[in-house]
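A quick write-up on the structure given underneath.
The values are calculated or read from the model by the stated rules, or taken from the named source; none is laboratory data. All values derive from a computational prediction rather than experimental measurement. Cβ coordinates were reconstructed from backbone atoms using ideal geometry, including for glycine residues, and neighbour counts include every protein chain displayed.
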Amino acid sequence: MIKSAVYFIILALVSVPILVARSVDYKTIQINTDDAAYNVLVELANTRYEQSRGLSRHTSLNEDEGMLFVYEADVEAVFWMKDMRFPLDMFFIESDGVINHIEEKVPLCGVDSCSLYKSDKPVRYVLELVDGFAEKYNVEVGDTITFEN
């Protein structure tokens with residue numbers, strides 16, 4: 001009886017990481033400016049859990065990497081930099097792929113405060129990229145995002 005109970009406990013402990021492990025989805029998107037188009041590989045944040053964690057588990061990003069927060073409907077998105085380890089550029093994107101707001105070089109939270117960053121109007125997506133991306137590649141409000149297949 002004790003042997004069975006020990007076996008069950010060991011099996012349960014080994015199974016827990018498998019049950020909570022989540023696969024990460026990636027997609028290539030294209031950022032279209034007046035000057036050029038830039039491909040970026042983004043990690044998709046489709047669920048509330050993924051969206052609440054965001055990029056906080058990452059220690060850095062390459063210039064051609066980011067995270068795309070995908071909402072089921074248009075929302076007034078509000079972000080902060082809690083638990084982040086590096087600054088970002090944030091792009092607030094409408095359902096048709098048009099960028100309607102950009103927050104550039106968003107700093108990390110301070111010791112006593114953490115600023116909020118939000119869209120000017122409802123959006124379907126928010127894209128987070130390494131800080132300075134918007135400036136370096138001349139990404140502006142009105143530019144578009146398209147999704148590769």
Query raised in the report: Of the residues that sit in the stretch 1-45 and are of a type in the set (Asp, Glu) and within 18 Å of the chain's Cα centre (by Cα), which one is modelled with the highest pLDDT?
Result: 43
Query raised in the report: Mind checking which pairs have a first residue in the stretch 122-145 that is more than 17 Å from residue 45 (Cβ to Cβ) and a second that is surrounded by fewer than 21 Cβ atoms within 10 Å (Cβ to Cβ) and of a type in the set (Lys, Arg), Cβ under 7 Å, 6 or more apart or different chains?
Result: 131/105; 132/105
Query raised in the report: Residues of the stretch 74-99 being surrounded by 13 or more Cβ atoms within 10 Å (Cβ to Cβ) and not in a loop (DSSP other than H, G, I, E, B), which ones?
Result: 74, 75, 79, 88, 89, 90, 91, 92, 93, 98, 99
Report task. Mind telling me which of the residues 130, 106, 126 ends up being in contact with a strand residue (DSSP E or B) (Cβ under 9 Å, 6 or more places away or on another chain), aliphatic (A, V, I, L, M) and within 17 Å of residue 74 (Cβ to Cβ)? Result -> 126
Query raised in the report: Looking only at residues in the stretch 100-145 that are of a type in the set (S, T, N, Q) and surrounded by 12 or more Cβ atoms within 10 Å (Cβ to Cβ), which one is farthest from residue 81 (Cα to Cα)?
Result: 144
Query raised in the report: With respect to the numbered conditions (1) without any contact (Cβ under 8 Å) to a residue 24 or more places away in the chain; (2) under 11 Å from the mean Cα position of the chain (by Cα), which one is the sole condition not fulfilled by residue 48?
Result: (2)
Report summary line: Taking the stretch 49-73 and keeping residues modelled with pLDDT under 90 and outside any loop (DSSP other than H, G, I, E, B) leaves 49, 50, 51, 52, 53
Query - Residue within the stretch 117-140 that is within 21 Å of residue 24 (Cα to Cα) and assigned to a helix (DSSP H, G or I) present - result: no
